[in-house]
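What follows is a set of notes on a single structure, which appears directly below.
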Amino acid sequence: MENTGQARTVKKYKKGNITAAFGTDLFIQGFTSIPNLLLKLYKNMGISDTEMMLVIQLFRLRTEDKNFLPSLKELGNVMQKNEEQITADLESLLQKEMLRVTDFYDDGRHLVIKGYDFEPLFEKLSEIWACIRVRENERLSKMMENEPGAAVNLYSSFEKEFGRPLSPMEVEQINLWSTKLNSNMVLEALRKAVMMGKHNFKYIDSILLEWEKNNLRNPGDVEEYDKRFKNRHSSSKQGARGKENNKKSMIQSLYMS
C-alpha cells in the first residue's frame, strides 16, 4: 500500500517485515565500487588506512550524491574523525599528488564547479602495478634460468599452449606438480587438457590428482589406465544394451504369442 503525501511517498510495510524493508533500502541506496587492485596496493602507494577511508567516502559522495567537493562538515558526518584530522588527510593526499582539485563542467546546471580529481590516484596505481609486474617477470626469468632444461621446456610448453607468459605462481604450481609426479606426467596432463579445450590450471590439477590417487607414474601407466576405463565403459554400455534388447524381445513375444 502506498501512502502519498506532499513531501514524499512512503511504503507501509507489514508489522515485523523489517528485513524486507532493509533489503529494499539496501538496493535503493546503491553501491560504491572500489577497485580491488586499489584496496590491495594502496599501502604500496604510501596511502594510510585513514586516508584510504577518506578516498572511499569521496568516491561514495561523488557517485551517490554527485558531490564533487564535499565540505569538512559533510565528511565529518560520515567518518569518525574531526575536521582537523580530515583536513590533515586531505592535505596529505594532495601533497602526495593522489588527488587534485580540478574544474568540472556541470552539464545539468551549465556551469563550472570545483571538485576532487581522482586521475592522479589511478595514474599512481598504474605505476605501482607496472613495477610489480616487472619484478614478477624478472623473478620468473631467474627461476627459469636456475631450472634444468627439462623444466624450462615444460614452462615453454605451457606458455605455447596458453598463448601467454606464465606468472610466478603458475611456475610454482608446475614445480609442485613435477615434484609429486614428473615432468612427463605434467606434459601428458597438459596435452589431455588441451585436447578437451580446458586451458586452465584447475583442470590440469584435477587430472594429476586422479593419476596420483591411482598410482600412475608414467605415460604408459596412463595409457593402460585409459584402456581399462574404456573397456569397463564399453562393457557397461553393452550390458545395458543387452538388457534393453532382452526387454524388447520379451515384449514382442508377449504380443506375438
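The values are calculated or read from the model by the stated rules, or taken from the named source; none is laboratory data. Keep in mind that what you see is a predicted model, and the values were worked out from it rather than measured. Note that we place each Cβ from the backbone using ideal geometry, even for glycine, and neighbour counts take in every protein chain shown.
Inside the stretch 37-60, can you point out the residues that are more than 18 Å from N77 (Cα to Cα) and crowded, with 16+ Cβ neighbours inside 10 Å?
Passing the criteria: L38, L41, Y42, M45, I47.
Return yes when L111 is more than 25 Å from W129 (Cα to Cα), touching a strand residue (DSSP E or B) at 6+ places or on another chain (Cβ under 8 Å) and loosely packed, with under 10 Cβ neighbours inside 10 Å and no when it is not.
yes
Here is a list: K81, K114, K73. Which entry is part of a loop (DSSP other than H, G, I, E, B) and among the charged types (D, E, K, R)?
Checking each option against the conditions leaves just K81.
I need a count of the residues in the stretch 100-111 that are in a strand (DSSP E or B), free of Cβ contacts under 8 Å to residues at least 24 places away in the same chain and either among the acidic types (D, E) or touching a helix residue (DSSP H, G or I) at 6+ places or on another chain (Cβ under 9 Å) (or both).
Residues in the stretch 100-111 being in a strand (DSSP E or B), free of Cβ contacts under 8 Å to residues at least 24 places away in the same chain and either among the acidic types (D, E) or touching a helix residue (DSSP H, G or I) at 6+ places or on another chain (Cβ under 9 Å) (or both): 4 in total.
Report yes if K81 is under 18 Å from V55 (Cβ atoms) and either at pLDDT 95 or above or out of contact with any Gly (no Cβ under 7 Å at 6 or more places or on another chain) (or both), otherwise no.
For K81, the condition - under 18 Å from V55 (Cβ atoms) and either at pLDDT 95 or above or out of contact with any Gly (no Cβ under 7 Å at 6 or more places or on another chain) (or both) - is met.
From the list M45, M79, exactly one residue is touching a residue at least 24 places away in the same chain (Cβ under 8 Å) and over 25 Å from the mean Cα position of the chain (by Cα). Which is it?
Only one candidate passes the filter, namely M79.
Looking at the structure I just gave you, is G16 small (G, A, S), over 17 Å from L125 (Cβ atoms) and at pLDDT 85 or above?
Answer is no for this residue.
List the number of the failed condition for E97; all other conditions in (1) without any contact (Cβ under 8 Å) to a residue 24 or more places away in the chain; (2) in a loop (DSSP other than H, G, I, E, B); (3) touching a Pro at 6+ places or on another chain (Cβ under 6 Å) hold.
Answer for E97: the failing condition is (1).
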